[in-house]
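The values are calculated or read from the model by the stated rules, or taken from the named source; none is laboratory data. Predicted model only: the values in this text are computed from it and were never measured. When we count neighbours, we look across all protein chains shown, and the Cβ atoms used for this are built from the backbone with ideal geometry, even at glycine. The protein model used for the area step is the full one, side chains on, heavy atoms only, and it has no ligands, DNA or RNA in it. Shrake-Rupley method; radii C 1.70, N 1.55, O 1.52, S 1.80 Å.
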Amino acid sequence: STAETETAAAPADADADTSIYAQQATELKSLKSTFLRTMRDRGFLHQCTNIVELDALLSEGGTASTCTSAYLGFDATADSLHVGSLLQIMILRHLQQSG
């Protein structure tokens with residue numbers, strides 16, 4: 001039938017995954033930064049913009065010129081804190097521990 005012929009004639013890479021997740025799979029496997037590897041291994045990191053550049057920045061070391069800062073925008077004394085807030089605090093703690 002025509003459908004079978006079209007399927008058989010399709011290129012082998014037609015089923016290749018071209019999603020952003022597939023494109024970043026190699027980059028995520030080759031991270032050098034302790035912080036980013038921890039985030040990836042613990043399941044916190046799924047997708048990231050400019051992952052290669054961020055990895056290079058975080059891998060440079062802790063000199064004054066390469067100091068990395070982070071910010072969380074919530075009131076830690078608020079009644080509305082929840083597990084999602086704890087998740088963000090845990091990520092900041094991992095950043096702190098990685099130097």
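Anything in segment 44-58 that is open to solvent by 60 Å² or more (accessible area, probe 1.4 Å) and farther than 11 Å from Glu27 by Cβ? List them, or say none.
Phe44, His46, Thr49, Leu57
Just to be sure, is Thr7 surrounded by 13 or more Cβ atoms within 10 Å (Cβ to Cβ), of a type outside the set (D, E, K, R) and either modelled with pLDDT under 80 or out of contact with any helix residue (DSSP H, G or I) (no Cβ under 6 Å at 6 or more places or on another chain) (or both)?
Against the criterion (surrounded by 13 or more Cβ atoms within 10 Å (Cβ to Cβ), of a type outside the set (D, E, K, R) and either modelled with pLDDT under 80 or out of contact with any helix residue (DSSP H, G or I) (no Cβ under 6 Å at 6 or more places or on another chain) (or both)), Thr7 does not qualify.
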